[in-house]
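Below is one structure, written out as structure tokens, with a few remarks after it.
The values are calculated or read from the model by the stated rules, or taken from the named source; none is laboratory data. None of the values given here were measured: they were computed from a predicted structure. Counting neighbours? That spans all protein chains shown, and the Cβs are built from the backbone with ideal geometry, glycine included.
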Amino acid sequence: MHALGVFHALHTAYPAAEIGWAVQSEFAGLLEGLPGLAHVFRFERRGGLSAWSRLRRELARFRADWTIDAQGNAKSGAAAWLSRAPRRIAPHRADWQEGWAAWTANERAPRLAAPARHAMQRMEVLAASLVPGFVPPLRTDAGLSAEELQRGRMLLDRHLPRAGGVPVLVHLSSPEDVRGWPASSWGELVGALRRAGNGVLVLSGPGEAELGQELARELGADEGLAHCVGQRGLRELAALFAAAARRELTLVTCDSGPMHLAAAHELRVVALEGPQDGARTGPWPAARGHRVVRSPRAPSCAPCLKRRCHHPEGPVCMRGIGAEDVLAALEPAQ
């Protein structure tokens, strides 16, 4: 999601360039149909050596002149190096997640200057290194077509509750994700929103489908509460978010891909964060009215930026966020 801005800057500056994108297979659907993108190289993250070998062959056939590593970690660095492009540019070593792998690039963008911290600011610095005269902000949307946007409006119309006050969209989190909110807390939030008079549309992707089904059974559905369980298709979800943004609605979600997808399509986001740092990876830009909610009782180790929790009592930084904290963050949007 962050790299979309770099792509748009490149395509605008070099419209005749043949651009390819190496991406993990589970996210490739977002890029298929992206105007200006000629090739999508799917990488199976858990495919072992055969996945790396296949990626190497595909990149060798592409024969890139220039590779841009927008992620800055060992995995993306390895992919950039396998491209054998004469020019390989990446973020400054200090902005890498795994700085030891920065040798894979032979050019680097300037270091992100203080007090800038957000990943999108790092993308702006990278774009400025690629495109002479680049001036922020970056364009961050998925380049949806008129037909896709129309399908998004139809999808929202089909699922949006018919009763209640201003509808609120709620995207569930995977129970296995340390960044996720407990299932019971999602249920409490939906109940609190309904008691406050709001309509609620509960969304769940493939990774949250089981939780979505469970909540649908427990909470039921009525004219003020609807469920879209197991939603598939990242471009379809982006179009739904774009339609919701046109209606000035709000999405409640955790720090996740859907959070970034919603913010990129101008939908206001209330993001629940524990191990993540909103100043680094929260919804962008903050001026759009996004809110980050943290536990008022968060432990000193939060935010830790880790994918596994090492706290002796588990992810208390997420469990400590209450439905009332989320309701308070939603108030300006009502």
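Would you mind stating whether P315 is over 19 Å from the mean Cα position of the chain (by Cα), of a type outside the set (D, E, K, R) and farther than 30 Å from S145 by Cβ?
Yes.
Of the residues that make up the stretch 117-124, is at least one assigned to a loop (DSSP other than H, G, I, E, B) and at pLDDT 95 or above?
No, because not a single residue in the stretch 117-124 is assigned to a loop (DSSP other than H, G, I, E, B) and at pLDDT 95 or above.
Within the bounds of the stretch 288-303, is there any residue that is over 15 Å from the mean Cα position of the chain (by Cα) and closer than 27 Å to S25 by Cα?
The answer is no; no qualifying residue exists.
With the checklist (1) touching a Leu at 6+ places or on another chain (Cβ under 9 Å); (2) under 30 Å from L4 (Cα atoms) in hand, flag the one item A226 doesn't pass.
Unmet condition: (2).
Are any residues in the stretch 168-214 surrounded by fewer than 17 Cβ atoms within 10 Å (Cβ to Cβ), part of a loop (DSSP other than H, G, I, E, B) and either basic (K, R) or more than 18 Å from the chain's Cα centre (by Cα) (or both), and if so, which ones?
P182, A196, G197
Are any residues in the stretch 103-147 out of contact with any Gly (no Cβ under 8 Å at 6 or more places or on another chain) and among the β-branched types (V, I, T), and if so, which ones?
V125, V131, V135
Quick check on the stretch 44-61. Is at least one of its residues surrounded by fewer than 19 Cβ atoms within 10 Å (Cβ to Cβ), under 29 Å from A262 (Cβ atoms) and modelled with pLDDT of 95 or more?
yes
Just name the residue that is nearest to V135 (Cα to Cα) out of those in the stretch 13-49 that are in a helix (DSSP H, G or I) and more than 22 Å from the chain's Cα centre (by Cα).
Top of the filtered list is A13.
So, in the stretch 221-239, exactly how many residues are among the charged types (D, E, K, R) and more than 27 Å from G33 (Cβ to Cβ)?
Count: 2.
Among what's in the stretch 292-318 and is in contact with a Ser or Thr (Cβ under 9 Å, 6 or more places away or on another chain) and closer than 19 Å to M259 by Cα, pick the residue that is surrounded by the most Cβ atoms within 10 Å (Cβ to Cβ).
Ranking the qualifying residues of the stretch 292-318, first place goes to M318.
Among what's in the stretch 215-234 and is in a helix (DSSP H, G or I) and either surrounded by 21 or more Cβ atoms within 10 Å (Cβ to Cβ) or of a type in the set (A, V, I, L, M, F, W, C) (or both), pick the residue that is farthest from the chain's Cα centre (by Cα).
Checked the stretch 215-234; the qualifying residue farthest from the chain's Cα centre (by Cα) is L219.
Quick check on the stretch 236-253. Is at least one of its residues closer than 22 Å to A183 by Cα and surrounded by fewer than 23 Cβ atoms within 10 Å (Cβ to Cβ)?
No, the conditions are met nowhere in the stretch 236-253.
I want to confirm something. Restricting to the stretch 100-116 and keeping residues that are in contact with a helix residue (DSSP H, G or I) (Cβ under 9 Å, 6 or more places away or on another chain) and in a loop (DSSP other than H, G, I, E, B), which single residue is nearest to D69 (Cα to Cα)?
Among them, the one singled out is A105.
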